[in-house]
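Down below is the structure, laid out as structure tokens.
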Amino acid sequence: QVQLVESGGGLVQTGGSLRLSCAASGSILSINAINWYRQTPDEARELVGVITSGGNTNYADSVKGRFTISRNNAKNTVYLQMDSLKPEDTADYYCVANTVWGDFWGRGTQVTVSS
């Protein structure tokens, strides 16, 4: 089992930045990748990006060049650095761990970008 807790969401103006954190606990060694998803008020869900256990990252075209995923292994924490934020980035953001037993979701953190 893996437990994930997101934090760092909030209200920011267009062009601003936020850094989301995803703290993992439990069977950390079972994690193959950590994904960041977002879900908008109209319920559309989008994969924002992923970092693998090997440290490789990949991003959706909509955030490429603006968002960066990194990790601190000592803290068992993955970060989503979001720069040049736009109103369309407004969503609930979730981290999801891909493990040998399946996917585990955090409860999410809300990001609102005002125009």
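When the criteria are applied in full, VAL78 fails the requirement of being of a type in the set (A, V, I, L, M, F, W, C) and in contact with a helix residue (DSSP H, G or I) (Cβ under 7 Å, 6 or more places away or on another chain). Restricting the range 92-110 to residues that are within 11 Å of the chain's Cα centre (by Cα) and aliphatic (A, V, I, L, M), the residue that is farthest from GLN39 (Cα to Cα) is ALA97. Taken together, the criteria exclude VAL5 from residues that are modelled with pLDDT of 95 or more, open to solvent by less than 50 Å² (accessible area, probe 1.4 Å) and within 14 Å of the chain's Cα centre (by Cα). Taking the criterion of being touching a strand residue (DSSP E or B) at 6+ places or on another chain (Cβ under 7 Å) and among the acidic types (Asp, Glu), the residues of the range 1-58 that qualify are GLU6, GLU46.
When restricted to residues that are under 20 Å from SER30 (Cα atoms) and touching a residue at least 24 places away in the same chain (Cβ under 8 Å), the range 79-102 contains 9. Annotation for the range 31-41: at least one member residue is more than 24 Å from ASN58 (Cβ to Cβ) and either modelled with pLDDT of 95 or more or of a type outside the set (Lys, Arg) (or both).
Candidates are the residues of the range 26-43 that are open to solvent by 50 Å² or more (accessible area, probe 1.4 Å) and in a loop (DSSP other than H, G, I, E, B); the one that is nearest to PRO87 (Cα to Cα) is PRO41. Selection of the range 63-105 for residues being surrounded by fewer than 21 Cβ atoms within 10 Å (Cβ to Cβ), under 16 Å from ARG45 (Cβ atoms) and in contact with an Asp or Glu (Cβ under 7 Å, 6 or more places away or on another chain) yields only VAL96.
With respect to the conditions (1) open to solvent by 40 Å² or more (accessible area, probe 1.4 Å); (2) assigned to a strand (DSSP E or B), GLY54 falls short on a single one, namely (2).
The values are calculated or read from the model by the stated rules, or taken from the named source; none is laboratory data. None of these values were measured; they are calculated from a predicted model. Here Cβ is always computed from backbone atoms with ideal geometry, including for glycine, and neighbour counts include all displayed protein chains. Calculation scope for accessible area: heavy atoms of the full protein, side chains included, ligands and nucleic acids excluded. Shrake-Rupley method; radii C 1.70, N 1.55, O 1.52, S 1.80 Å.
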